[in-house]
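Visitor: One structure, pasted below without further comment.
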Amino acid sequence: MSGYLIKDTTKEEREQIVAESLGNISATCDGCSIGIIEMYQDYIDGKKELRDINMEFNARYVSGKEGPERGNCGYY
């Protein structure tokens, strides 16, 4: 794999990138992993780059605009 951009990866590689980046996504701490995985689904599907998803998340966090609900271990 040559990079993280959609044009440089297959769907399977993007799934692996997300899984490795998030760590143990099969854990069920309080259901938070579902929301995190959904947040990156557009990247996995080849619709949005990682940087765009992260920038949108950060913009909601900084601005206080409506975003995902906060759980004990993250957003879902």
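Visitor: Only residues that are of a type in the set (Gly, Ala, Ser) and at pLDDT below 95: list them for region 31-68, please.
Guide: 31, 33, 35, 59, 63, 64, 67, listed by residue number.
Visitor: Return only the number of the condition from (1) of a type in the set (Asp, Glu); (2) at pLDDT 90 or above; (3) open to solvent by 90 Å² or more (accessible area, probe 1.4 Å) that residue 20 does not satisfy.
Guide: Every listed condition holds for residue 20 apart from (2).
Visitor: Turning to a different aspect of this structure: Output the qualifying pairs, or none if there are none: Cβ atoms under 6 angstrom, residues six or more apart or on different chains, first residue in region 15-38 and on the phi > 0 side of the Ramachandran plot, second residue modelled with pLDDT under 75.
Guide: Close Cβ pairs satisfying both conditions: 31/76.
The values are calculated or read from the model by the stated rules, or taken from the named source; none is laboratory data. Model, not experiment: these values are computed from the prediction. So basically every Cβ, Gly included, is an ideal-geometry build from the backbone, and we count neighbours across all protein chains shown. Surface accessibility is based on the protein's heavy atoms, side chains included, excluding ligands, DNA and RNA. Shrake-Rupley method; radii C 1.70, N 1.55, O 1.52, S 1.80 Å.
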